[in-house]
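Below is one structure; the comments refer to it alone.
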Number of protein chains: 2
Amino acid sequence: MPKEKLSFNLKTPKGTKDWAGPDALLRDRIFTTITNVFKRHGGTALDTPVFELREILAGKYGEDSKLIYDLQDQGGELCSLRYDLTVPFARWLAMNPDVRSIKRYHIAKVYRRDQPAMTKGRMREFYQCDFDIAGANFDPMVPDAEVLRLITEVFDELGWKGDYTIKVNHRKVLDGVFEVCGVPKEKIRTISSAVDKLDKLPWVDVRKEMVDEKGLDSTVADKIETYVVRKGARDLLDSLKGDETLLANGNAKTGLEEMGLLMDYLEAFNVLDKISFDMSLARGLDYYTGVIYEVVTEGSAPATSSSAPEAQKLQRSGKKEKARVDVDEDRSNDPSIGVGSVAAGGRYDELVGMFSSKAQIPCVGISFGVDRIFSIIKARMEREKSEALRSSEVDVYVMAFGGKGFTGLLKERMHICRTLWDAGIKAEFFYKTKPKLPQQFKAAEAGSVPFAVILGEDELAAGEVRIKEMGLPEGHPEKDGVLVKIAMLPSEVKSRLEQRNTKVNGDTDEEVVAGKVQALEV
Amino acid sequence: MPKEKLSFNLKTPKGTKDWAGPDALLRDRIFTTITNVFKRHGGTALDTPVFELREILAGKYGEDSKLIYDLQDQGGELCSLRYDLTVPFARWLAMNPDVRSIKRYHIAKVYRRDQPAMTKGRMREFYQCDFDIAGANFDPMVPDAEVLRLITEVFDELGWKGDYTIKVNHRKVLDGVFEVCGVPKEKIRTISSAVDKLDKLPWVDVRKEMVDEKGLDSTVADKIETYVVRKGARDLLDSLKGDETLLANGNAKTGLEEMGLLMDYLEAFNVLDKISFDMSLARGLDYYTGVIYEVVTEGSAPATSSSAPEAQKLQRSGKKEKARVDVDEDRSNDPSIGVGSVAAGGRYDELVGMFSSKAQIPCVGISFGVDRIFSIIKARMEREKSEALRSSEVDVYVMAFGGKGFTGLLKERMHICRTLWDAGIKAEFFYKTKPKLPQQFKAAEAGSVPFAVILGEDELAAGEVRIKEMGLPEGHPEKDGVLVKIAMLPSEVKSRLEQRNTKVNGDTDEEVVAGKVQALEV
């Protein structure tokens, strides 16, 4: 390469990052926890391409369509990177009309040309973990209730028991409310978007947006307020059911009946106490048709909404979207940004029909924002100074030592490693023909490898090697390790590993992993 | 949506596909097998963005650069989809100069605007599974030998024992041969590319390309022939070491010494018999500097190279590349295309230095082509009519039945499911308030669910449910199931699942998975 080429811009593209070491491992363990729950509920894997034909994505995301990444036209089809996993799933269902019932999960990256806030887990490339149930002829709210139950299993098993809330609302209830309050039909979606901001802005600002920007009659706005500020559980449902004006509206009536059924089922699933029926929840996407939900936890909300008047002004003004795309800094330190919801979803009965009316099939699902979940867990670990996870899982470091004339025993170390690998044991050795013993110990310690197997000329001649648990205290009877016959080495290592895991964690390897994630309680 | 919008082109982009059901599961199991081997050798996960700054990829892939997917310029940075996982790894190493030693693995999709041959696993979007060892100051060929050992573990554990060959060569040996034969310096890479085609074309065609197209002196070509047609093991090495002209060349001498070391180490690792020292192996990419290798197996080679003269003519003519990009069909049925190598790699000591001379670090690695491996395993399963893998892993189907006035017992079914889920058991139920019993059995059978738990009014009143193993033969004492106390249900299900796995497979669940993949012997 010519010299001047060395002036590379050495970085990942804006809003993206590399995942390495303990971070990558922690994230993988979150994936494992979530995947296990998905499988427990009968989920089957679906994997779709990272890009779709552009026309597949068109008309699905409303104003956010401008955040879609397009591939360059290099001849052939026009494609775009996927924006979520829901539209690809709907496209797949439309292409496979024989599938009349499926629970599918999909864990993959999605792409949005949004303004990043990296340390808060708001990225341009980020993972979603989706679980959706599609099926014709299911009875109302039964799969919906199972999705909500599944959400509680995920967060309980991540160790957040008691420290998260699932906000639930129903599009039909909301539409009914807007109709009853007198919102003109063509303004329902835009007024709904304004309501959705109530988690970030006070009512007075939302009202201003409705009246000043969106031209809503101020008496209508005032009526809306009496509904959307309400939250509760069965009490709220009962009070709404006593509202005869509301009940006279078809949408509201259906929505409230379904919310009643849902609560009954959530009680049977023992998760009613995790739910908040929240009339201000509206969700941005157009395709929802029934129940909608969002999971919030400590860290979801902005620190103080009043501390960032600039951001609010930007948000209220029409320039918000443009600013999000053009301003070129990471907004991680902007206090007006929380990580947002950590999971969200709802029922979308008509999305598949947008691709093929023949294949039309009702769906309900949930998407977990793993990068945000990761950010919260990591911040907590740092606060609590938890021990970082090991980035490799090596159990044995094979080393050699000897006095004057030491050959390095390279082939012998290789032979011992091969014996361990053949037995499925994770092992490594130093890539030097004649390494010094401290070098080898240092490498084993750097990787937190629990056991050393040490080769010496004399011991080898006797068909033996020394096995030594790392980090034993002075005076421990096995501080210098014990000699074992080479033929017995794999079984000896396995039983010592098992003992050690029981001693340290009272549990098997697999469960240690789950335990580590669970130990990170909110 | 307006009606005319329903004329969507309902497909995935060219050269891409969805992965669902048993295919997705089989592929995931291949990933698991490979990941386990990677971890056994101390691999740590690295995940990089799907796109890189365009300048990072520039100048790394020679002629194949035209196959790179670019993102559209939507303002901001110019980016391209990654073409492999090696260059992103090198970029990461250059950005993290403190890392002086790492074994990293990366399993992710890469993108090439090549001509697809879908059923043979040649796609535009496909998975690679990479394992690489980077490290300064390692002794020659030690990590290289471990990478080759790792390759054998992967294929042995996929059940291909004895049915694959690792072709190995050394760039320095090859360069030495070209120098000794009299290839002008500036023609070495292009002549090397011609030699690389010897796995698809007879020598006479390769010679023609060298002499007629690339202007090589015909006596030089004839000298090259005496070397590149040779393959073997230690015998070949010994014979080359007896070639004084060759040994007088510095590159050849170093290369042959390293090949000798490598063979010694491979013997210590017990994998020498899987290796073929193949002088015709050249590998296309520019960045290799030392040992290179490729794994071939049944299905790697084209059916008959003579049966597709058109394809050969295309390949020999300069128009090949253009044709690959423009012709718009899937070439799955073209007999001139085998799946190609199923894994390939080598040493690349200077790639990281192309990004940052300060961070320069030698590397060696391997990339497994999982989609090709999948295609071969799947074709074999179809030939052998192996039972397809289940696409979900549900263990229990919870159902209800009753006579006249049957309520459907929906909440009771929910309650039982919740009890099973709480115990970590994979369970599902029918999403109807009053399902018929045959409907429920049909659903359980469709999913090959091994156990049914059946609820009836009378049994519930007695605090009991019926547990029934599916598919028991007529006359079996438990054909109609057995009653168990609800409080005992989770432990009863667990012990029955364990018994069943031992009965069916003589092994635990986890090992059943590995067994299934291993059972698919070549």
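General remarks:
- In region B:346-416, trypsin sites (Lys or Arg not before Pro) in a DSSP loop with at most 10 other beta-carbon atoms within 10 Å: B:K358, B:K385, B:K404
- Between identical copies, the spacing of A:E469 label points, each set 7 Å from Cα toward the C-beta atom, reads 4.0 nm from nearest to farthest.
- Estimated purely from DSSP H runs of n ≥ 4, each contributing -39500 (n - 2.57), the mean residue ellipticity at 222 nm for chain A is -11500 deg cm²/dmol once divided by its residues.
- Relative contact order (%) - region A:36-192, alpha-carbon pairs under 8 angstrom, separation at least six: 20 percent
- Taking the chain by itself as reference, region B:12-43 contains these residues with an accessible-area loss of 30 Å² or more in the full protein complex (1.4 Å probe, heavy atoms): B:P13, B:D18, B:W19, B:A20, B:K39, B:R40, B:G42.
- Interface of A with B. Using a 1.4 Å probe and counting protein heavy atoms only, the two chains hide about 8800 Å² of accessible surface, both sides summed.
- Unsatisfied cross-links (Cα-Cα over 27 Å) in the set A:K39/A:K358; A:K197/A:K274; A:K103/A:K274; A:K231/B:K426; A:K185/B:K11: A:K39/A:K358; A:K231/B:K426; A:K185/B:K11
- Entries of B:K109/B:K167; A:K109/B:K411; A:K200/A:K378 with Cα pairs more than 29 Å apart: A:K109/B:K411
- In this assembly of identical copies, the label point of B:L236 (Cα plus 7 Å along Cα-to-Cβ) is separated from its counterparts by 7.3 nm, sorted shortest first.
- Counting Cβ atoms of other protein chains within 10 Å of each residue's Cβ and taking the mean over peptide A:72-82 gives 5.
- Centroid-to-centroid, using Cα positions, region B:151-215 and region A:83-109 are 44 Å apart.
- Within 10 Å of the Cβ of each residue in B:62-69, the mean number of Cβ atoms contributed by other protein chains is 1.
- Nearby aspartates and glutamates by direct alpha-carbon distance to A:K468 (threshold 12 angstrom, same-chain neighbours under 8 apart not counted): A:D395, A:E478, A:D480, A:E492
- Label distances, nm, B:L247 versus same residue in remaining copies, Cβ-directed 7 Å point: 10.2
- Loop-located trypsin sites (Lys or Arg not before Pro) across region A:430-461 with a Cβ neighbour count of 14 or fewer within 10 Å are A:K436, with loop assigned by DSSP.
- Each Lys or Arg adds one and each Asp or Glu takes one away; over the other residues whose Cβ falls under 9 Å from the Cβ of B:R466, this sums to -2.
- Chain A, relative contact order in percent, only Cα pairs under 8 angstrom and at least six apart counted: 17 percent
- Relative contact order %, region A:196-290, counting alpha carbon pairs below 8 Å whose residues are six or more apart: 37 percent
- Burial ranking of peptide ranges A:61-69, B:16-24 (average Cβ count within 10 Å, highest at the top): B:16-24, A:61-69
- Nearest beta carbon of chain B to the B-to-A rotation axis, with distance in whole angstrom: B:Q72, 2.
- In region A:408-431, burial by the other protein chains removes 50 Å² or more of accessible area from A:K411, A:M414, A:R418, A:W421, A:Y431, compared with the chain on its own (1.4 Å probe, ligands and nucleic acids ignored).
- Looking at region B:385-475, none of the chymotrypsin sites (Phe, Trp or Tyr not before Pro) sits in a DSSP loop with at most 10 other Cβ atoms within 10 Å of its own Cβ.
- Gap separating the Cα centres of region A:22-54 and region B:446-471, nearest whole Å: 31 Å
- Computed about the Cα centre, the dipole magnitude for chain A is approximately 1400 debye when only Lys and Arg (+1) and Asp and Glu (-1) carry charge, each at its Cβ.
- A protection proxy built from the mean count of other Cβ atoms within 10 Å ranks the segments A:478-490, B:46-58, most packed first, as B:46-58, A:478-490.
- Centre separation in Å (Cα based) which lies between region A:383-430 and region B:412-440: 48 Å
- By accessible area, using a 1.4 Å probe on protein heavy atoms only, the protein assembly as shown has 51% of its surface on carbon and sulfur.
- Proximal lysines to B:K385, defined as alpha-carbon separation beneath 26 angstrom and excluding residues fewer than eight positions away on the same chain: B:K17, B:K120, B:K161, B:K442, B:K503, B:K516
- Charged neighbours of A:L410, selected by a Cβ distance under 10 Å, balance to +1 (K, R count +1; D, E count -1).
- Calculated FRET value between A:E244 and A:E63, using beta carbons and R₀ = 35 Å, to 0.05: 0.45
- Think of the protein assembly as shown as having a plus end and a minus end, set by charges on the Cβ of Lys, Arg, Asp and Glu; of B:L53, A:L236, A:L272, B:L53 sits farthest toward the positive end of this dipole.
- Pairwise FRET efficiency - A:D217 versus B:E498, Cβ, R0 = 56 Å, nearest 0.05: 0.25
The values are calculated or read from the model by the stated rules, or taken from the named source; none is laboratory data. Since this is a predicted model, take the numbers as computed values, not measurements. Every residue, glycine as well, gets a Cβ built from its backbone with ideal geometry; the counts of neighbours run over all protein chains shown. Heavy atoms of the whole protein, side chains included, go into the accessibility calculation; ligands, DNA and RNA do not. Shrake-Rupley method; radii C 1.70, N 1.55, O 1.52, S 1.80 Å.
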